[in-house]
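Beneath this line is the structure, given in structure tokens, with notes to follow.
The values are calculated or read from the model by the stated rules, or taken from the named source; none is laboratory data. Computed from a prediction, not measured in an experiment: that's the story for all the values here. No Cβ is skipped: glycine too gets one built from the backbone with ideal geometry, and neighbour counts run over all protein chains shown.
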């Protein structure tokens, strides 16, 4: 018998700089109320900050969406979805790297890839979604 995935809790934010802070607060509040450990909260807070910033800087449209899935047994899942076209080189998260010293940009996706246990990118028409998972300490992943 397969266990169904918990329902995501999501919120839509306007595509403005102040929304990065609001998205962090949304995720931190949900994780804290679910009893997440401080290390997991900090890790996912940084990931949502980077992904929300990218959605604002590189996307278009009026808003982006942040969803968090809280699986009490195995993991935390974060998805940030926004409008925009993704360059083909960004479709494979295994190629994401943190920018070299002195480069003006390019750190965000590499940071997300290095922090999270898995990262997936889905691009369809004019929508890009980045889904990240962090395995809970002590859980067994399949």
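Below are the figures for this structure:
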read-out	value
From the options 47, 123, residue that is at pLDDT 80 or above and either crowded, with 19+ Cβ neighbours inside 10 Å or under 24 Å from residue 22 (Cβ atoms) (or both)	47
Odd one out for residue 57, checked against (1) surrounded by 12 or more Cβ atoms within 10 Å (Cβ to Cβ); (2) over 14 Å from the mean Cα position of the chain (by Cα); (3) touching a residue at least 40 places away in the same chain (Cβ under 8 Å)	(3)
Selection within segment 42-53 - free of Cβ contacts under 8 Å to residues at least 40 places away in the same chain and in contact with a strand residue (DSSP E or B) (Cβ under 9 Å, 6 or more places away or on another chain)	48, 52
Leading residue by the ranking (surrounded by the most Cβ atoms within 10 Å (Cβ to Cβ)) among those in segment 16-38 that are touching a residue at least 40 places away in the same chain (Cβ under 8 Å) and more than 13 Å from the chain's Cα centre (by Cα)	31
Strands (runs of 3 or more DSSP E) contained in segment 1-87 and holding at least 1 residues under 23 Å from residue 114 (Cα atoms)	60-70, 75-83
